[in-house]
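Accompanying notes for the structure given below.
The values are calculated or read from the model by the stated rules, or taken from the named source; none is laboratory data. Treat the numbers as computed from the prediction; the structure is a model and nothing was measured. Please note: Cβ atoms are built from the backbone with ideal geometry, for glycine as well, and neighbour counts cover all protein chains shown. Note: areas computed on protein heavy atoms with side chains; ligands, DNA, RNA excluded. Shrake-Rupley method; radii C 1.70, N 1.55, O 1.52, S 1.80 Å.
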Amino acid sequence: EIEQMRHSAIISSKAHELAMRYTKNEIMEYQLQSIIESFFTYAGTSGWSYPSIVGCGENATILHYTVNSDQCNDGEVVLIDAGSEFRGYSADITRSWPISGKFTDAQKEIYNLVLDSQIAASN
């Protein structure tokens, strides 16, 4: 069971990395969703654990946003919450990154505050 959970998490992580690699100005939220969910299928999982959340800009601040229909633009951050399911075991990964590939100073400050909080909570 641990190996199945680990496998689901590895596939989910690789799907997020693939979406990061293809993120660019003017990509649509649903295109990023498609990259992630297609990789789940490609990797042999049974699909997604829950409806994927892909929100750019203000949509990234909406709890459980699943419309995934807007365009992503430079200067915005995308939030993706998506996980695969493998043999009944699910992964749940949430990540945020800048569309342009580089955080603005304000975005970097917020990102680091969240990161510092996570590190403090895990100690």
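What number of residues within segment 71-90 are charged (D, E, K, R) and over 25 Å from Ile2 (Cβ atoms)?
Residues of segment 71-90 that are charged (D, E, K, R), as a first pass: 74, 76, 81, 85, 87.
Of the ones still in play, those that are also over 25 Å from Ile2 (Cβ atoms) are 74, 76.
The qualifying residues number 2.
Give the residue, chosen from Ala15, Ala9, that is touching a helix residue (DSSP H, G or I) at 6+ places or on another chain (Cβ under 6 Å), small (Gly, Ala, Ser) and part of a helix (DSSP H, G or I).
On the way: Ala9 fails: touching a helix residue (DSSP H, G or I) at 6+ places or on another chain (Cβ under 6 Å).
Matching residue, one of Ala15, Ala9: Ala15.
Can you tell me which residue is farthest from Ser38 (Cα to Cα) among those in segment 60-85 that are in a strand (DSSP E or B) and open to solvent by less than 50 Å² (accessible area, probe 1.4 Å)? Step through it out loud before you land on a result.
Restricting attention to segment 60-85, the residues satisfying the condition of being in a strand (DSSP E or B) are 71, 77-82, 84-85.
If we keep only those that are open to solvent by less than 50 Å² (accessible area, probe 1.4 Å) too, we end up with 77-82, 84.
Details: Val77: 22, Val78: 19, Leu79: 18, Ile80: 15, Asp81: 15, Ala82: 12, Ser84: 10 Å.
Ranking the qualifying residues of segment 60-85, first place goes to Val77.
Which of the residues spanning segment 97-123 are modelled with pLDDT of 95 or more, open to solvent by 80 Å² or more (accessible area, probe 1.4 Å) and touching a Phe, Trp or Tyr at 6+ places or on another chain (Cβ under 9 Å)?
Scanning segment 97-123 gives a single hit, Glu109.
Conditions tested, residue by residue: (1) out of contact with any helix residue (DSSP H, G or I) (no Cβ under 9 Å at 6 or more places or on another chain); (2) of a type in the set (Asp, Glu).
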{"site": "Thr45", "(1), (2)": "no, no"}
{"site": "Tyr50", "(1), (2)": "yes, no"}
{"site": "Asn59", "(1), (2)": "no, no"}
{"site": "Leu79", "(1), (2)": "no, no"}
{"site": "Glu109", "(1), (2)": "yes, yes"}
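Where the second residue is surrounded by fewer than 16 Cβ atoms within 10 Å (Cβ to Cβ) and in a helix (DSSP H, G or I) and the first is at positive phi and lies in segment 43-63, which pairs have Cβ atoms under 8 Å and are six or more apart or on separate chains?
Gly47/Thr41
Output the residue which, of all residues in segment 97-112 that are in contact (Cβ under 8 Å) with a residue 24 or more places away in the chain and part of a loop (DSSP other than H, G, I, E, B), is nearest to Ser38 (Cα to Cα).
Selected residue: Ile99.
Are there any pairs, at least 6 apart or on different chains, whose C-beta atoms fall under 8 Å, with the first in segment 1-17 and touching a residue at least 12 places away in the same chain (Cβ under 8 Å) and the second in a helix (DSSP H, G or I) and among the aromatic types (Phe, Trp, Tyr), and if so, which?
Ile11/Phe39; Ile11/Phe40; Ser12/Phe40; Lys14/Phe39; Ala15/Phe39; Ala15/Phe40
Output yes when any residue across segment 33-48 is among the polar types (S, T, N, Q) and more than 25 Å from His7 (Cβ to Cβ), and no when none is.
Step one: of segment 33-48, the residues among the polar types (S, T, N, Q) are 33-34, 38, 41, 45-46.
Subsequent filtering for residues that are more than 25 Å from His7 (Cβ to Cβ) retains none.
Among the residues of segment 33-48, not one is among the polar types (S, T, N, Q) and more than 25 Å from His7 (Cβ to Cβ), which makes the answer no.
Quick one: would you say Phe40 is over 15 Å from the mean Cα position of the chain (by Cα), at negative phi, surrounded by 15 or more Cβ atoms within 10 Å (Cβ to Cβ) and hydrophobic (A, V, I, L, M, F, W, C)?
Details: over 15 Å from the mean Cα position of the chain (by Cα): no; at negative phi: yes; surrounded by 15 or more Cβ atoms within 10 Å (Cβ to Cβ): yes; hydrophobic (A, V, I, L, M, F, W, C): yes.
So Phe40 fails the test.
Under 9 Å between Cβ atoms, which residue pairs at least 6 apart in sequence (or on different chains) link something in segment 76-96 that is on the phi > 0 side of the Ramachandran plot with a partner that is modelled with pLDDT of 95 or more and buried (at least 17 other Cβ atoms within 10 Å of the Cβ)?
From segment 76-96, the pairs are Arg87/His7; Arg87/Ser8; Arg87/Thr45.
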